[in-house]
Amino acid sequence: MFDAEMTALLRAVLDEVCENIPVSETGARAYVASKLLDAAANGQFSTDALKAAGRKALSPPTMWR
């Protein structure tokens, strides 16, 4: 598990990345949270790296041609 400081950072990034997503959209928020946890578990601890992971989770999938 993460310490209190990292948990607070993850929560702050989640809130910032999901600022335009209603709190009632629990599925979307949970998905972003899971991607943030994955990023942190893989050593991405900087605010910028976590924000990038969160934004990527919200991006529509690209179509392969």
Single condition Leu58 does not satisfy, out of (1) surrounded by 14 or more Cβ atoms within 10 Å (Cβ to Cβ); (2) free of Cβ contacts under 8 Å to residues at least 40 places away in the same chain; (3) not basic (Lys, Arg) = (2)
request  = Tell me which residues, restricted to the stretch 27-65, are among the polar types (S, T, N, Q) and at pLDDT 95 or above.
outcome  = Ser34, Asn42, Gln44, Ser46, Thr47
inquiry  = I'd like to verify a number: residues in the stretch 38-65 that are part of a helix (DSSP H, G or I) and at positive phi, how many?
reply    = 0
key: Residue count for the stretch 29-48, restricted to those that are within 13 Å of Leu14 (Cα to Cα) and over 10 Å from the mean Cα position of the chain (by Cα)   = 2
message = Give all pairs with beta carbons closer than 8 Å in which a residue from the stretch 20-47 that is among the aromatic types (Phe, Trp, Tyr) meets a residue that is open to solvent by less than 40 Å² (accessible area, probe 1.4 Å); count only pairs at least 6 apart in sequence or on separate chains.
response = Tyr31/Ala57; Phe45/Met6
The stretch 13-26, residues that are modelled with pLDDT of 95 or more and among the charged types (D, E, K, R) = Asp15, Glu16, Glu19
task = Find all pairs meeting these conditions: Cβ atoms under 9 angstrom apart; at least six residues apart or on different chains; first residue within the stretch 3-18 and polar (S, T, N, Q); second residue in a helix (DSSP H, G or I).
result = none
key: Identity of the residue in the stretch 1-37, of a type in the set (Asp, Glu) and assigned to a helix (DSSP H, G or I), that ends up surrounded by the most Cβ atoms within 10 Å (Cβ to Cβ)   = Glu16
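The values are calculated or read from the model by the stated rules, or taken from the named source; none is laboratory data. Predicted model only: the values in this text are computed from it and were never measured. Every residue, glycine among them, receives a Cβ derived from its backbone with ideal geometry; neighbour counts consider all protein chains shown. Heavy atoms of the whole protein, side chains included, go into the accessibility calculation; ligands, DNA and RNA do not. Shrake-Rupley method; radii C 1.70, N 1.55, O 1.52, S 1.80 Å.
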